[in-house]
Amino acid sequence: FFSKASSSLEDVGESSSETEEDDQPVRRQEGGTDLSPEYWGIQKLAKYVKGGDPTATLIALCSMRDLNLSQEACQLAIKDTGCLEVLINLLDTEEIKCQTGSLKILKEISQNVLIRHAIADLGGLEIMVKILDSPDTDLKCLAAETIANVARFKRARKTVREHGGIKRLVELLESISVGLSCQAKDTETARCGALALWSCSKSTKNKKAIHKAGGIPLLARWLKCSYTNILIPVVGTLQECASEPSYRLAIRTEGMIEDLVKNLSSEHEELQMHCASAIFKCAEDEETRDLVRKHEGLQPLSVLLDNSENKQLLAAVTGAIWKCAISRENVLKFQEFKTIETLVTLLTDQPEEVLINVIGALGECCKEQENRGTIRRCGGIAPMVKLLSATNRALLVNVNKAVGGCAMEPENMAVIDSLDGVRLLWSLLKNPNPDVQASAAWALCPCVANAKNSGEMVRSFVGGLELIVNLLKSKDKEVLTSVCAAIANIAKDQENLAVMTDHGVVPLLSKLANTNNNELRRHLAEAIAHCCMWGSNRVAFGETKAVAPLARYLKAKDPLVHRATALALYQLSEDPNNCVIMHENGVVKLLLAMVGSTDDALQEAAAGCIANIRRLALATEKAKYG
């Protein structure tokens, strides 16, 4: 039991974003099918492989290779007849011809998931890693290619690393000095090494091991080569490793973005896909987004959207466009290339992984007013709203952002409302995932601000106000921040504010006042300012101890926090008791400095609050001394 437990702990960091399809091989059904002639052929050859002298063994291996080893029947016959153990034992001999013959067969049959697991169980990987030290280049290449096939599952990848395989595979990339003139034959050793590293790189620990072994500069050099057969595993490895920040930094600083962009225009779709996927992961970083633009990578990405039949390529390309669109300069370029119009056409009849990226890209693009109109004119709002009924978390988060972005235009808002989009957004506040809740609440802010008769619209959602007020009990900071922002908008309508007051909005907002998070402080202060406008809410905020913490917000470094806080304090200062608390907490001195602000709203609120405090002080003095 204890050894199993420690083994599972060691596996932490082995998993990848990739689906481990073959981690649990499906056992084939025994019997029920006629055995093929190849099966019987292998059974006859098995006795020579097992019991013959080296010459007989070699002849039997050659005969076995003449069979169609890509057929599952042949692959499983080798396993069932006990040949697999013999093939692995042959690897541990000094006979290079026998080792070569064995590896040629193992390379073919390890395409089968059951065989892969059996090779690992029989200790085959450890021997193959040793062969990587062989002076025979062909033998090393065969060993690396077979490792590439076998290391498609977690335990195998771990075995390769623990027996020093990563360092040896990286050394295979050192075969020659690389240049654009590199010969096709020269690339074979590096190609096999890169293939094996690609399989191994699906593990986080192996990514670190490749980095430590000096793999990054070697991969960067091979990226300059013009041969597709080496470029595909090299870029495949890089895009797999780009999930690690250290690799993203290296890809940027080693000048690899230019090469990735260049290969987007390759004739090979698989290479294009891996280049786009690498850009997708690397463009999380602003400097990389700028480099993609500088090296003119935005146009080839836009052109690749036309190849909508290849869904894997489309997912990578739309992902790269999404991340590149985080930078405004890139969005302006996408406008030139009519990318937004093409993205809108991809909002229907696409797999989820494509939709997530398309809607993510549109969400970034609609930060520009012009693009919000483009999306509407191209008929993009209806399919967007339809996606609010999806179930995928990442898709919902992106759809919420995009619908919220579009809702900043009153014309768009009218379309969203007519399609029942606001009701769908509101219902997503019930989603159990906090990311979905927060993105829905953020999206509701422009919807409430720009809808005609928004107060009435909000009241039409039965239980809607109670739902949003209760979200103030969430433990998630982003949910709390977005809900405060939504409440600030909703509270502008007196009837809705009255209903929220009945549902206990005042004590719930007050309870959040001791936060140190500036984003939450800003939106909380705005919500408090607007919620003061009903009944005795100003007094209630004082009684629920919201005033003193708010006074401390004025010491924050964020000017947006200052503005919202001054507005809240101005509203709260209409109550004499609150003025006393403010004065005790030293707000006058802090507000005086803000009276000279260039921000008109901050200036007026600060002055108004000081005036109220001063007025109270004068009244108190007058009462005291007559």
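Given charges of +1 on the Cβ of Lys and Arg and -1 on the Cβ of Asp and Glu, with all other atoms neutral, how large is the dipole of region 338-452 about its Cα centre, in debye to the nearest 20?
Values: 11 positive and 12 negative charges, 48 e Å.
Value, rounded to 20: 240 debye.
Charges on Cβ only, +1 for Lys and Arg, -1 for Asp and Glu, centred on the Cα centroid of the chain; of Val547, Ala118, Met457, which one is farthest towards the dipole's positive end?
Of Val547, Ala118, Met457, it is Val547.
So what is the relative contact order of region 255-327, in percent, for Cα pairs below 8 Å that sit 6 or more residues apart? Provide the component values of the computation, followed by the final result.
Values: 87 pairs, mean separation 29.0, N = 73.
It rounds to 40 percent for region 255-327.
Take the Cα atoms of the chain, find their three principal axes, and give me the spread along each one in whole Å, biggest first.
Computed over the Cα atoms, the extents are 121, 57, 54 Å.
If R0 is 41 Å, what FRET efficiency do you get for Glu604 and Asn229 from their C-beta distance, rounded to 0.05? Spell out each step's value before the answer.
On the way: r = 69 Å, r/R0 = 1.68.
Computed FRET efficiency for Glu604 and Asn229 comes out at 0.05.
Charges on Cβ only, +1 for Lys and Arg, -1 for Asp and Glu, centred on the Cα centroid of region 338-452; of Leu425, Leu395, Cys378, which one is farthest towards the dipole's positive end?
Comparing the listed Cα positions along the dipole, Leu425 ranks first.
Give the residue list of trypsin sites (Lys or Arg not before Pro) in region 390-480 that are DSSP loop and have at most 10 other beta-carbon atoms within 10 angstrom.
Values: sites: Arg393, Lys401, Arg423, Lys430, Lys452, Arg459, Lys473, Lys475, Lys477; in loops: Lys452, Lys475.
Sparse-neighbourhood loop trypsin sites (Lys or Arg not before Pro): Lys452, Lys475.
Run the numbers for Glu284 and Gln335: contour at 0.36 nm per residue of separation, minus the present Cα-Cα distance, in nm. All intermediate terms of the calculation are to be shown ahead of the outcome.
Details: separation 51, 0.36 × 51 = 18.36 nm, distance 2.06 nm.
Using 0.36 nm per residue and subtracting the Cα-Cα distance, I get 16.3 nm.
Which of the peptides 135-145, 361-371 is most tightly packed, and how do the rest follow, going by the mean number of other Cβ atoms within 10 Å of each residue? Intermediate results must be reported in sequence, preceding the final value.
On the way: 135-145: 19.8, 361-371: 22.3.
In descending order of packing, they fall as 361-371, 135-145.
Expressed as a whole percentage, what fraction of the accessible surface of the chain belongs to carbon and sulfur atoms when a 1.4 Å probe is rolled over the protein heavy atoms?
Numbers: 14210 of 28210 Å².
Of all accessible area on the chain, carbon and sulfur atoms account for 50 percent.
Relative contact order (percent) for region 410-525, with alpha-carbon contacts under 8 angstrom and 6 or more residues of separation?
Working: 121 pairs, mean separation 28.3, N = 116.
Contact order relative to length: 24 percent.
Arg614 to Arg377: FRET efficiency via 1/(1 + (r/R0)^6), r the Cβ-Cβ distance, R0 51 Å, to the nearest 0.05? Before the final figure, lay out each step's value.
On the way: r = 54 Å, r/R0 = 1.07.
After rounding, the FRET efficiency stands at 0.40.
How high is the relative contact order of region 385-461, in percent, counting Cα pairs under 8 Å that sit 6 or more residues apart?
35 percent
Specify which residue in the list His583, Ser203, Cys83 is farthest towards the positive end of the charge dipole of the chain, using unit charges on the beta carbon of Lys, Arg (+1) and Asp, Glu (-1), about the Cα centre.
Value computed over the given set: His583.
For region 255-327, what is the accessible area per residue in Å² when the probe is 1.4 Å? Show your work: numbers first, answer last.
Working: 2830 Å² over 73 residues.
Result: 39 Å² of accessible area for each residue.
In debye, nearest 20: dipole of region 74-143 around its Cα centre with unit charges on the Cβ of K, R (+) and D, E (-)? It would help to have the intermediate numbers written out before the result.
Working: 7 positive and 11 negative charges, 50 e Å.
Here region 74-143 has a charge dipole of around 240 debye.
Would you mind getting the accessible area per residue of region 437-500, heavy atoms of the protein chains only, 1.4 Å probe, in Å²? Kindly include the intermediate steps, with their values, before the conclusion.
Details: 2440 Å² over 64 residues.
For region 437-500, the solvent-accessible area averages 38 Å² per residue.
Sorting check: for 438-447, 54-63, 198-207, which peptide has the highest mean count of neighbouring beta carbons within 10 Å, and how do the rest follow? Numbers along the way, then the final one.
On the way: 438-447: 25.6, 54-63: 16.8, 198-207: 23.9.
Put in order of decreasing packing, that is 438-447, 198-207, 54-63.
Measure up Lys207/Lys294; Lys212/Lys262; Lys130/Lys154; Lys154/Lys212; Lys224/Lys294 against 24 Å on the Cα-Cα distance and list the ones that go over. Intermediate values should be presented prior to the final figure.
Details: Lys207/Lys294 28 Å; Lys212/Lys262 28 Å; Lys130/Lys154 20 Å; Lys154/Lys212 20 Å; Lys224/Lys294 18 Å.
Going by Cα-Cα distance, Lys207/Lys294; Lys212/Lys262 fall outside the 24 Å limit.
Using the alpha-carbon atoms, what tilt in degrees (0 to 90, nearest 10) does helix 559-572 show relative to the longest principal axis of the chain?
Rounded to the nearest ten degrees, it is 40.
Given only helices, namely DSSP H runs of n ≥ 4 each adding -39500 (n - 2.57), what is the per-residue ellipticity at 222 nm of the chain, to the nearest 500 deg cm²/dmol? Could you put the intermediate results ahead of the total?
On the way: 42 runs with 441 residues, N = 626.
Calculated from helices alone, the mean residue ellipticity at 222 nm is -21000 deg cm²/dmol.
Charges only on Cβ, +1 for Lys and Arg, -1 for Asp and Glu: so what's the dipole of the chain about the Cα centre, in debye to the nearest 20?
Working: 72 positive and 79 negative charges, 364 e Å.
Magnitude of the dipole: close to 1740 debye.
The values are calculated or read from the model by the stated rules, or taken from the named source; none is laboratory data. On a predicted model such as this, the values are computed, not experimentally measured, just so you know. Positions of Cβ are backbone-derived with ideal geometry, glycine not excepted, and every protein chain shown enters the neighbour counts. Calculation scope for accessible area: heavy atoms of the full protein, side chains included, ligands and nucleic acids excluded. Shrake-Rupley method; radii C 1.70, N 1.55, O 1.52, S 1.80 Å.
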